[in-house]
Amino acid sequence: MKRFPTALLLLACCGLADAAYTPWPKQAVQSFSRIPVLSEGRVKPLQTVAYYTLLELQGRTTLKTRIAGGSVKLSASEWLMDAIFRPDLSKDYPIFLIDDTSAVRSLDLVISGKRKRDRFSYSELLPVRAKLANLASTYAQKKAREEKLTALEEQVLILGGKVNDYEMLVASLSPAQPNRLINTSMLPPDMAQLAAKMRLSEFLGMAPKLPVEAIEAMMQRDREQMTEDERQVLTAMMLVYFFHKTGTLLTLFPPPDPQRAEWVSLGELVGDAIGKEKTERAWELERLALVEKVAQSTGDPSAFSNNMEALRSRIQSDASARKEAGQIETELRLYNGKYLDNAKAWFIAAFLFVILMWLGPMTTPGKVFTVLAIWCGVFGFISLVAGMLLRSQIRGWAPITNLYETFLFISASAFVFGLLFERSNRQRIALSAGIFVPTLCLILSGQFLLISPEDTLPPLVAVLRSNFWLTTHVITVTLGYSAGLLAAVIASIWIVARFFRIAESRRDVYRDATKMTYGIILFSLLFSLVGTVLGGIWANYSWGRFWGWDPKENGALMIVLWTLVILHARLGGYIRDIGLHVMAVLQGVIISFSWFGVNAMGVGLHSYGFIAGIWTALGIAWGVMAVIIAMAAGLKFRESQSAPHPGPAGELPRRRANAI
């Protein structure tokens, strides 16, 4: 007999639910959310898995849908509970976001009432599931050969991956609820009948030792040559094998053997149990029985809550015994507190007040908007720092370990710099830049999560595992780069304002902005240079050489050299006000490329911070900067055509005739 096909293992999952939606008990949701799971190399709460899975599937972390004519809003944990324990209900949830529905039409699925970019349910895609799997496999092989995919093929490949992830997730606890299959026709009749009445823990308590390899060998035999008893045994063992293969996604159980590094899934637990003597299966059977109790009590809110808490407590205790309990409560506090989302909301509000402030900066309303902008920024900063500290506590490292976290650190440091320079300047330019930068960075951080919906707290790569160097080199160099970007923003504001003749009579404002830009560039030079040197020392400590012309190292050198060029050009009289601000904008281009672009190249020893989609954002940013530089060229041409005039103050006494 042939081995079970993979499609059969993936498509048949568990669950029945009532037609009308019944909310899960609050206590059960809390216990479910707090269950530890080993995923992507670290222990995290099950809520985090639900959060990023839902974000990957539908581009949101909550689900809004209609059930039995009523509107329902589900958290990520509630959705995952539905997917696992009520899959017959959740399969109708429109969770598969497709950017171009032509990809679905290419599967010969007749659809109506859908927009170009829309969401589909599993039930809607089920008729073409087999064709989707075949095409996705073909396109994956094509991509592995480094052949270019069309936009349509890329969408089909992405959709195939999403559907596969969903199927594996729904089946993750199927060994504990074999009587709940989405599609019983996918199983042979004898197996479907056995699954409808089987309790796997009881069967494993009686079954003889039969390793998975032996079951696979049995499945190769011809059923026609077996006795009736042998066929019945084969049917039962095939069902055990089926659940062993399907329930593998969630690795929930810390093994008792301390030498076994990886946790085990429920499916692996079943495979381990059947491969042991009956007297040696107590550990596996106890945990399987706990999950079975949860699955069998879904109709009793009180029992379901108690059984869910018992399961969570057992897993938490096993993890603690191995000293692998993680920072479950801290991580739940981070996500449930929505610190980073709140920080983004506060900074967006602050930026709106900045816009209103500039409509009448010297009026009473303008002053009120200034105060409101500052306080909104302060509240956003507090929320942002709280989120960064919680992230640092979860991982046990300094708060800058990947590119996502650099967006957070840039936001915090730029706001502080803006307030400090505003205190000495009080022209509201530094304040505006100090609020604009974190607003932009926090919005971009959210967009990158949509492009690459991955856990932003992954295990630290080995070379970065040094709190001393993370605190010295990374923070120092990031402060320098943040200051450089802030200078680029202030320079951009200066050029745009001069180009459109905004407050042209206020020469003191332009003078102070020029001084401020120059001062921030000097600050950027100091911290970038010191940070780069510290990075070289760290490289010598980690890799045995101070400098290796790695792309990231070259980028750091470019930033330092360009900042020195600005300094010498200014002191030598080669550039004046316009030239200084143009070079500051170009510094922003160099920093953004060296900081983010080099990582996106995926080469060199520093390519561990890659974020998908970075080139699109960089292209937009560089396009805006190019327009600003073109404005500066137009401004210089306009001034050259006008009568000589002293221009805004703040220029060095020594000037060259060809200075800009």
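The values are calculated or read from the model by the stated rules, or taken from the named source; none is laboratory data. Because the structure is predicted, anything quoted here is derived from the model rather than measured. For neighbour counting, all protein chains shown are included, and Cβ atoms are generated from backbone atoms with ideal geometry for every residue, glycine included. Keep in mind that these areas ignore ligands, DNA and RNA; they rest on the heavy atoms of the full protein, side chains included. Shrake-Rupley method; radii C 1.70, N 1.55, O 1.52, S 1.80 Å.
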So, of the residues in region 609-621 that are more than 20 Å from residue 528 (Cα to Cα) and crowded, with 17+ Cβ neighbours inside 10 Å, which turns out to be modelled with the highest pLDDT?
621
Considering region 548-573 alone, what residues qualify as being over 14 Å from residue 586 (Cβ atoms) and either among the polar types (S, T, N, Q) or in contact with a strand residue (DSSP E or B) (Cβ under 6 Å, 6 or more places away or on another chain) (or both)?
554
Given the options 598, 565, 627, name the one that is at pLDDT 95 or above and under 25 Å from residue 529 (Cα atoms).
565
From 489, 496, grab the single residue that is open to solvent by less than 30 Å² (accessible area, probe 1.4 Å), aliphatic (A, V, I, L, M) and in contact (Cβ under 8 Å) with a residue 60 or more places away in the chain.
489
Of the numbered conditions (1) over 26 Å from residue 387 (Cα atoms); (2) assigned to a helix (DSSP H, G or I), residue 299 satisfies every one except a single condition; which is it?
(2)
Any chance residue 88 is open to solvent by 10 Å² or more (accessible area, probe 1.4 Å), outside the structural domain of residue 305 (by TED's automatic domain parsing) and in contact (Cβ under 8 Å) with a residue 60 or more places away in the chain
yes
Among the candidates 318, 272, 300, which residue alone is acidic (Asp, Glu) and under 16 Å from residue 214 (Cβ atoms)?
272
So which residues in region 272-283 are surrounded by fewer than 23 Cβ atoms within 10 Å (Cβ to Cβ) and either touching a helix residue (DSSP H, G or I) at 6+ places or on another chain (Cβ under 9 Å) or part of a helix (DSSP H, G or I) (or both)?
272, 275, 276, 278, 279, 280, 281, 282, 283
Condition met for residue 366 (in a helix (DSSP H, G or I), in contact with a helix residue (DSSP H, G or I) (Cβ under 8 Å, 6 or more places away or on another chain), closer than 30 Å to residue 597 by Cα and open to solvent by less than 10 Å² (accessible area, probe 1.4 Å))
no
Give, as residue ranges, the strands (runs of 3 or more DSSP E) completely inside region 38-144 that count at least 2 residues that are of a type in the set (A, V, I, L, M).
63-67, 70-74, 96-98
Determine, yes or no, whether residue 257 is open to solvent by 40 Å² or more (accessible area, probe 1.4 Å) and in a loop (DSSP other than H, G, I, E, B).
yes
Please verify whether residue 420 is assigned by TED's automatic domain parsing to the domain that holds residue 478, out of contact with any strand residue (DSSP E or B) (no Cβ under 7 Å at 6 or more places or on another chain) and open to solvent by 50 Å² or more (accessible area, probe 1.4 Å), treating the condition exactly as stated.
yes
